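One structure below.
We did not get these values from a lab; they are worked out from the coordinates using the rules stated. This structure is a prediction, so every number in the text was calculated from the model and none was measured. Backbone-built Cβ (ideal geometry, glycine too); neighbour counts: all protein chains shown.
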Amino acid sequence: MFIAANWKMNLNKKSIKSFVEHLKIYKFSKNVQLCIFPPTIYIDFLSKLIKNIPISIGGQNCHHQSFGAFTGEISAISLKEFGCDYVILGHSERRIYNKETNEYIKKCAQFGIKSSLRPIICVGENLDQRENGKAIDFIEKQITDCLPEDFNELTIAYEPIWSIGTGKIPLQSEIREMHKNIKDIVFSKSKKNVKVLYGGSVNEQNIQEILSINNVDGVLVGGASLKIKDFLAIYGSAVKHLKNYNI
Ligand code: 13P
């Protein structure tokens, strides 16, 4: 079980320090893995603070070249050097605001893998596609076009755009169908298994319901990962869920 916290462009030194103070005294379970994706500029700061806490750290994006004249970009090699294990790629906010395409995301994923990072590739339909019955086909194309040529380990985050920051989540049956479909598509193309996280308005109230859905291997949390109380409540629910199901 994997709980990922995407802090996006939020928090500062003071709030990160106070967040970590609470983590220091928390008893973590070996069965639920945690990873925080802070703003790039705070990766080193956070990484030093959580040195003795069993939490991984990741970047919110990376470029597809090692180094060079790419102003404002972040190299996968630099992420690795500063202690990152994971990188989020193709988040809908980057697809929308930074015009990232599937082809671009695929190149970044390939370079991330080459640099020993574990990519989490985000996919998700908009409301119009969901309402017009086009979600499954749209996600199939996103995955087919973003899938790295070669990988040992891959995670896909299914984040419907209409669910991000809105408090709305898909029906259980819609999440179940999409996650199963994502696993089938990846397996049919690569003969490899993939983990699929759900993301979009995950909170303390809905986490148990989401985790009880087949083929949900964890969650990618935005807003509710910014407050320590909410974040630990989500984590605690995930631990409880595994205990209830004896997983
Ligand atoms: P919210 O949890 O705020 O809806 O954001 C989800 C997300 O975009 C995580 O990457």
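Before moving on, here are some points about what is shown:
- Cα centre as origin, Lys/Arg/Asp/Glu Cβ charges: the range 49-204 dipole, Debye: 320
- Computed from the C-beta positions of Asp85 and Lys240 and an R0 of 25 Å, the FRET efficiency is 0.45 to the nearest 0.05.
- Put a dot 7 Å past the Cα of Ile228, heading toward its Cβ, do the same for Asp44, and the two dots end up 2.5 nm apart.
- Oblate is the label for the range 1-66. Its Cα gyration tensor axes, ordered a ≥ b ≥ c, give a/c of at least 1.5 and b/c at or above a/b.
- The charge dipole of the range 115-197, taken about its Cα centre with unit charges on the Cβ of Lys, Arg, Asp and Glu (plus for the first two, minus for the last two), comes to roughly 300 debye.
- The fraction of Cα-Cα pairs per 5 angstrom bin, counted from 0 for the range 116-207, comes to 3, 13, 26, 25, 17, 11, 5, 1 percent, rounded to whole percents.
- The range 1-16-the range 119-179 distance, computed between alpha-carbon centres (Å): 22
- Placed amide H near Gly199: partners under 5 Å, 5+ positions off or other chain: Tyr158, Glu159, Leu220
- Of the GluC sites (Glu not before Pro) in the range 135-168, those whose Cβ has at most 13 other Cβ within 10 Å and which sit in DSSP loop: Glu149, Glu153
- By the helix-only formula, in which each DSSP H run with n ≥ 4 contributes -39500 (n - 2.57) and the sum is divided by residues, the chain has a 222 nm mean residue ellipticity of -12000 deg cm²/dmol.
- Under 5 Å between amide hydrogens, built in the peptide plane, is the criterion, and for Ile120 it picks out Val87, Ile88, Leu89 among residues at least 5 positions away or on other chains.
- Put simply, when 8-14, 164-170, 61-67 are sorted by average Cβ atoms within 10 angstrom per residue, most first, you get 61-67, 164-170, 8-14.
- Look at the dipole of the chain built from charges on Cβ: of Phe2, Leu23, Ile210, the Cα furthest out on the positive end belongs to Leu23.
- Sparse-neighbourhood loop sites, trypsin sites (Lys or Arg not before Pro) in the range 40-127 - DSSP loop, at most 15 other Cβ within 10 angstrom: Lys51, Lys99
- A simple rule links phi to the HN-Hα coupling: the Karplus curve 6.51 cos²θ - 1.76 cosθ + 1.60 with θ = phi - 60°, which for the range 189-202 gives 8, 10, 6, 10, 8, 10, 8, 10, 9, 9, x, x, 6, 6 Hz, with x for Gly and Pro.
- With a cut-off of 13 Å between beta carbons, the residues surrounding Lys195 carry a summed charge of +1, where Lys and Arg count +1 and Asp and Glu -1.
- Normalised Debye scattering of the chain at q = 0.09, 0.12, 0.13 Å⁻¹ gives log10 I(q)/I(0) of -0.36, -0.65, -0.78, counting only Cα atoms as equal scatterers and leaving out solvent.
- Percent of Cα pairs in the range 1-134 per distance bin of 10 Å, from zero to the largest separation: 11, 39, 32, 15, 2.
- Cα gyration tensor shape for the range 191-247, rounded if a/c is under 1.5, else prolate or oblate: oblate
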